[in-house]
Amino acid sequence: MFNFVTVFLGDWLFLHESDEAKYMIKKVTAIVVLLMITSLSIAGCTSPTKTATSPTISVNATGNATTTSIRGASQSPTSTASPAAQATNTPSVQPTPTSTKIATSIRFANVPKVSKSFPTLGINVIANTSGILVCGHGTVAVLGPDGNAIGTVSSGGSSDCSSTAFLDASSLSAGTYNVTLRYSGDSTYQPSQRAAQMTVTP
């Protein structure tokens, strides 16, 4: 097309050699050249270009990979924490408080048989660990089957006593009595008691 325009302009210039014609020819030539450059530029911009396309992972491949990953995760053994041993609240055994008091025992000093003429019976309280006769600590009582005191009991003294206490049975009628000897104890000695039988003769 460019060659055709050039030939055409050359022939036309040959036929019209006036100054005005030369000016018009130059103007037309410039316009034609500009149009051709523009058309070439547009053609260059719209020409197809090859672009590198990176391979894409198909949906199938992706699905399979995901499925494989999930299966692998589901099949892997998972460790489960074993339940912690439950502590059983067993009642603790409370130690029996150890008494600092001395254990005692009580009994008649002699064969429990008196007469109306000699109505007195000795009663002894003994410290179990040492066998010492307890004197001047606590009180002694003689109780009948109904729990009431019988006879009259007096202390044997605070120290160097021959018996812890004495029972005067002069007020009792002749007969046999089932009694309970009871010692009260105190801050030093533990209390004690004993069942016994005594006889009062005329």
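Where a number appears in this text, it was derived from the coordinates with a stated rule and is not lab data. Everything numeric in this text was worked out from a predicted model, so none of it was measured. Cβ sites come from the backbone with ideal geometry, for glycine too, and all protein chains shown count toward neighbours.
Pairs needed: first member in region 110-139, surrounded by 13 or more Cβ atoms within 10 Å (Cβ to Cβ); second member anywhere, assigned to a loop (DSSP other than H, G, I, E, B) and acidic (Asp, Glu); C-beta distance under 8 Å; at least 6 residues apart or different chains.
135/160; 137/186; 138/186
Could you list, in sequence order, all residues of region 153-162 that are surrounded by 14 or more Cβ atoms within 10 Å (Cβ to Cβ) and in contact with a Phe, Trp or Tyr (Cβ under 9 Å, 6 or more places away or on another chain)?
Within region 153-162, 153, 155, 156 qualify.
Of all residues being small (Gly, Ala, Ser) and in contact (Cβ under 8 Å) with a residue 24 or more places away in the chain in region 152-170, which is nearest to residue 100 (Cα to Cα)? Just the residue, please.
159
Could you please give the count of residues in region 171-200 that are in contact (Cβ under 8 Å) with a residue 24 or more places away in the chain and either touching a Leu at 6+ places or on another chain (Cβ under 9 Å) or surrounded by 14 or more Cβ atoms within 10 Å (Cβ to Cβ) (or both)?
Residues flagged as in contact (Cβ under 8 Å) with a residue 24 or more places away in the chain and either touching a Leu at 6+ places or on another chain (Cβ under 9 Å) or surrounded by 14 or more Cβ atoms within 10 Å (Cβ to Cβ) (or both) within region 171-200 amount to 20.
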